[in-house]
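Worksheet: the structure to be examined is printed underneath.
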Amino acid sequence: MAVTVVEPRYRRRRLLEWVALHSFAVALALLFVLPFVFVMLTGVMTDQQSLTREYWPQPFAWHNLVDVWHTPGFSTWWRNTIVYAVFGTALTLLSSLPVAYALAYFRFRGRNVAMMVVIATMMLPPQVSIIPLYLVWAQNFHLTGTLYPLIIPLAFGDAFSIFLLRQFMLTVPREYLEAARIDGCGDLRTMLRVVIPMIRPAIAAVGLFQFFYCWNDYFGPQIYASENPGAWTLSYGLQTFKSAHHTNWNLTMAATVLVMAPVIVLFFLAQKAFIEGVTLTGVKG
Amino acid sequence: MTLTARPRTRRNPGLRRRRRRERLRTLAFLSPWLLGTGLFFLYPLATTAYLSFTRYDGFVSPRWDGLDNWTFVFHDYPFFWPAMRNTLWFVVVLVTLRIVAGLVLGLLVIHVKRGHSTLRTIFYAPFLAPPVAGTLAFVFLLNPGTGPVNTILAHFGVSAPNWFNDPSWSKPALTMLALWGVGDLMVIFMAALLDVPRELYEAAALDGAGAIRRFRHITLPHLRPILLFAVITGVIATMQYYTEPIVAGQVASGQIAGSGNQFEPGYPNGSTLTLPQLVYNLGFQRFDIGAACVVAMVLFVLSMVFAAFLMGRGHGFLAGED
């Protein structure tokens, strides 16, 4: 008897909970999407309309995206950003993989100290070392105003990438390494033929992180490239956009869309690698 | 790769040769990083420490100046303490809110069955928005003239603040931007939440524990290490908080800080100043390199203290050694 009374009430409570949870989720999701939506809508408004408080573009001024592309400098910033991101990522991976391999598998005195230095440099704000580095690049090499000071340091290993690659390498079962050694593989061959193929998803994740880091970097270009507009990247150029061109919000937002788009597209293409990478930075350790 | 035990005898010349080869091989693999650490970490660090005791403008060679820069920064530089206070504000408010929001979103996504992965994508995507682009977007969204946020608030009869143009609202506005990009924490919390053994919840439910008590007595204790990790990395990230506040200040004020220009940092009214911005202001706008190096050293010490916390508390950072 009691059971038949409780059951429907219990079910109704479950249903209410389900509805509450899902409406909360949908409301929050809307809140997270709306900034993107407003940016895109404003990006395709006409000049006059962007001075009003309206939300919906009337008419849609799609040519804004083309106009932004043709504003002086914008395509140069794009090219520079791609050069920085592509070469930076390639050099980071090339230089960080052997270091990660050594820290994961070699036994040597000072390895724990080395790991600690890697973690310490990972936590260091770039501003701590910027002044002596800037002075060297400016006074000894005369390379400020170019992309070289941004790219060259990445050929010497990047702490975050080393750390992450090492953590991934530790998940490779030891038996594979043992087998490679018995087959007469040296360490270089073991790394290239056994370890790298096995952690390919991790390499993708680390590469993506580094690509994003370069794409998003603001401080580096501000310090090294700002004196020469021909060396500006998107991140640096974008913030000058509004004041430099006396444009309205519509063109600025169109430019913002063009800067965000590649990153978001890349994310959708490689979502899994990304989320696994982020998870590993925090959880596995 | 030394899978073999370290050789015990020193007499055996073959073994000795092999050990030497192993050492060379280790050096070869580590060489990019060894060079990099020397060139881009140790050298600049030592130089920064030295320059902090000199008077130097970048042109005339540095002159020993004792503690002058240090007393200048701590006593006479008007932006140092405001920047410290702002940093504390960001640690207390922004870091805390980000952790709470990340946890709430993580719990939400885990409990929603339908549309689980879509939700995760939606909450995660803003984290990837380039900081300069995200900041510009928020300066637009919150601008008092045509910004959609204030327009919507006006519909409800709320008189909205001036956000990035008001010293008491610029930090909350930056906090909103940081909360929009909370996806990294959400993903980390989700993984930790999924690691909590299901049996514990079932047993607790059988014992009549409600959802809140289950959260307090099962979920939270399991999350403690990851929460600590989030707090410490949050504090470290706050020490590095640079791009968003400087870009927000520049775009909202319509002025771009440049080499040698005296544009006052931290618009409006120093409310968005953070320590890294002081290095830029002193070193690259005022050419007071000695004082800039003092701030850099302060940043270095603070960051290392929290990094030591992180390593000391373990959190498995050095785990998996052998």
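Some observations on this one:
- Chain A: C-alpha gyration tensor shape, a/c 1.5 cut-off, then a/b vs b/c: oblate
- Largest GNM mean-square fluctuation across A:Leu147, A:Leu177, A:Leu65, computed for chain A with C-alpha springs under 10 Å, falls on A:Leu177.
- Taking the inverse of the mean reciprocal distance over all distinct Cα pairs, the Kirkwood hydrodynamic radius of the stretch A:1-151 comes to 22.9 Å.
- Expressed as a fraction of 2.2 N^0.38 Å, the C-alpha radius of gyration for chain B is 1.29.
- Net charge over other residues, Cβ less than 15 angstrom from the Cβ of A:Leu234 (K, R count +1; D, E count -1): +1
- Structural descriptor for chain A: relative contact order 30 percent, calculated from alpha carbon pairs under 8 angstrom and at least 6 residues apart.
- For the stretch A:75-81, Karplus couplings with θ = phi - 60° (6.51, -1.76, 1.60), whole Hz, Gly/Pro x: 5, 5, 4, 4, 4, 4, 4
- When each of A:Val33, A:Val128 is scored by the number of other beta-carbon atoms lying within 10 Å, the sequence from fewest to most is A:Val33, A:Val128.
- Inter-part distance where the stretch B:11-67 and the stretch B:194-252 are each reduced to a Cα centre, Å: 38 Å
- Chain B: DSSP helices with Cα axial extent of at least 30 Å and average Kyte-Doolittle hydropathy no lower than 0.5: B:289-312
- Neighbour-count ranking [beta-carbon atoms within 10 angstrom, fewest first] of B:Tyr242, B:Tyr56: B:Tyr242, B:Tyr56
- Converting the Cα gyration tensor eigenvalues of the protein assembly as shown into ellipsoid dimensions via √(5λ) gives semi-axes, longest first, of 40, 37, 24 Å.
- Eligible aspartates and glutamates near B:Lys171 by straight Cα distance, threshold 13 Å, same-chain separation 8 or greater: B:Glu244
- Residue of A:Arg166, A:Arg107, A:Arg13 that the Gaussian network model of chain A assigns the largest fluctuation, springs spanning Cα pairs under 10 Å: A:Arg13
- Gaussian network model of chain B, springs between alpha carbon atoms under 10 Å - residue of B:Trp169, B:Trp64, B:Trp81 with greatest fluctuation: B:Trp64
- Close amide H contacts of B:Thr54 (hydrogens built in the peptide plane, cut-off under 5 Å, sequence separation of 5 or more or a different chain): B:Asp65.
- Helical contribution to [θ] at 222 nm, DSSP H n ≥ 4, -39,500 (n - 2.57), averaged over the protein assembly as shown, rounded to 500: -20000 deg cm²/dmol
- Note on B:Phe263/B:Arg216: beta-carbon distance plugged into 1/(1 + (r/R0)^6) with R0 of 56 Å gives a FRET efficiency of 0.65.
- Here B:His111, A:His70 are placed in order of increasing Cβ neighbour count within 10 Å, fewest first, which gives A:His70, B:His111.
- Under Karplus coefficients 6.51, -1.76 and 1.60, residue-wise ³J(HN,Hα) of the stretch A:93-110 in Hz, glycine/proline x: 5, 4, 7, 7, 4, x, 5, 4, 4, 5, 6, 7, 10, 7, 10, 8, 5, x
Readers should treat all values here as calculations from the given coordinates under stated rules, not as data from a laboratory. It should be emphasised that the depicted structure is a prediction, and the values quoted were computed from it without experimental measurement. FYI the Cβ positions are ideal-geometry reconstructions off the backbone, even for glycines, and counts take in every protein chain you see.
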